[in-house]
Amino acid sequence: MRTAYCTHPGKIRSHNEDSVGVYKGENCLLAVVADGMGGHAAGEVASKMAVDLSAQRFMEHEGTFTREKAEIWLNHLVRGINLRLYEHAESHDTCKGMGTTFAAALCTNEFIAVSSVGDSRIYIWKHSQPLKQITEDHTFVNELLKTGQITEDEAAGHPKRNILMRSLGTEPTIALDTAIVEWSSWSHVLLCSDGLSNKLTDERLTEIMSKSMNLEEKTEMMVREANHAGGEDNISVILISNDRDGEK
């Protein structure tokens, strides 16, 4: 597996509340994107804590991940991070109300365990196929969309599209969306914060993924185009390629 990642404050904000991490183990890899929220520096605290705790738990793990073990491990990870963030916010006045989105992909050569909270996304891309979102946005607008109250075009420009229905650290317990996704050679996984997905359409992301460029060049192009489209938010991208049979 090959990886590339980038996080950028964007063109408007003076600081970056996104945090990213990519950690490699024996025949597996953990990638995490977290988009923090909260007053003052609390958003940065929340996202960094989420990524740092992910790294710590991953490095402590021993043994091989089966599909069942990967799903259980990821569920325990997300629940543990949520409680740690909540307790930290409750005991530190400067962090009251802090929280973060969270998107994690635990990758082996044969499968990916994915879990997300909020509106940071995970996509899978296979050559000659459109990019496919494999996580669900936990947003007010997505609830309207799922119940047929608005169309996809209306959702894209909805004034309340940034209202989250779920985030890490704001409540002591959290509902989980964890799944196992199979992936083959030449498949790619994309993790991103909404600073990217709100600016580039799935069609444009597919076009970039299809280009004859390396992973670093693709992440740089995505961030550059998101900034060109306004860059009002922090932008974070992780790309992972399943190239166990060689590079393509």
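What to note about this one:
- Flag for residue 106 being touching a residue at least 24 places away in the same chain (Cβ under 8 Å), surrounded by fewer than 19 Cβ atoms within 10 Å (Cβ to Cβ) and among the aliphatic types (A, V, I, L, M): no
- Flag if residue 70 is touching a His at 6+ places or on another chain (Cβ under 9 Å), in a helix (DSSP H, G or I), of a type outside the set (Ser, Thr, Tyr) and at pLDDT 95 or above: no
- Applying the set (1) outside any helix (DSSP H, G or I); (2) out of contact with any Lys or Arg (no Cβ under 7 Å at 6 or more places or on another chain) to residue 47 leaves exactly one unmet item: (1).
- When 184, 236 are screened for being at negative phi, part of a loop (DSSP other than H, G, I, E, B), among the small types (Gly, Ala, Ser) and out of contact with any helix residue (DSSP H, G or I) (no Cβ under 6 Å at 6 or more places or on another chain), only 184 passes.
- Considered as a group, the residues in segment 24-80 that are under 18 Å from residue 92 (Cβ atoms) and of a type outside the set (Gly, Ala, Ser) include one that is surrounded by the fewest Cβ atoms within 10 Å (Cβ to Cβ), and that residue is 40.
- Among the residues of segment 3-48, those identified as in contact (Cβ under 8 Å) with a residue 60 or more places away in the chain and more than 28 Å from residue 229 (Cα to Cα) are 27, 28, 29, 30.
- The residue that is farthest from residue 34 (Cα to Cα), among those in segment 132-171 that are over 15 Å from the mean Cα position of the chain (by Cα) and in contact (Cβ under 8 Å) with a residue 40 or more places away in the chain, is 171.
- Selection status of residue 205, crowded, with 20+ Cβ neighbours inside 10 Å and either of a type in the set (Gly, Ala, Ser) or touching a strand residue (DSSP E or B) at 6+ places or on another chain (Cβ under 9 Å) (or both): yes
- Options 234, 198, 227, 242: the member that is open to solvent by 40 Å² or more (accessible area, probe 1.4 Å) and polar (S, T, N, Q): 198
- For segment 216-244, the tally of residues that are at pLDDT 95 or above, under 21 Å from residue 106 (Cα atoms) and over 17 Å from the mean Cα position of the chain (by Cα) stands at 1.
- Single condition residue 200 does not satisfy, out of (1) modelled with pLDDT of 95 or more; (2) in a loop (DSSP other than H, G, I, E, B); (3) under 27 Å from residue 97 (Cα atoms): (3)
- Any hit, segment 144-161, residues being at pLDDT 95 or above, outside any loop (DSSP other than H, G, I, E, B) and out of contact with any Leu (no Cβ under 7 Å at 6 or more places or on another chain): no
The values are calculated or read from the model by the stated rules, or taken from the named source; none is laboratory data. In this text the structure is predicted, and so the values were computed from the model without any measurement. Neighbour counts run over all protein chains shown; Cβ positions are idealised from the backbone, glycine included. For the accessible areas, the whole protein counts, side chains as well, though only heavy atoms, and no ligand, DNA or RNA atoms are used. Shrake-Rupley method; radii C 1.70, N 1.55, O 1.52, S 1.80 Å.
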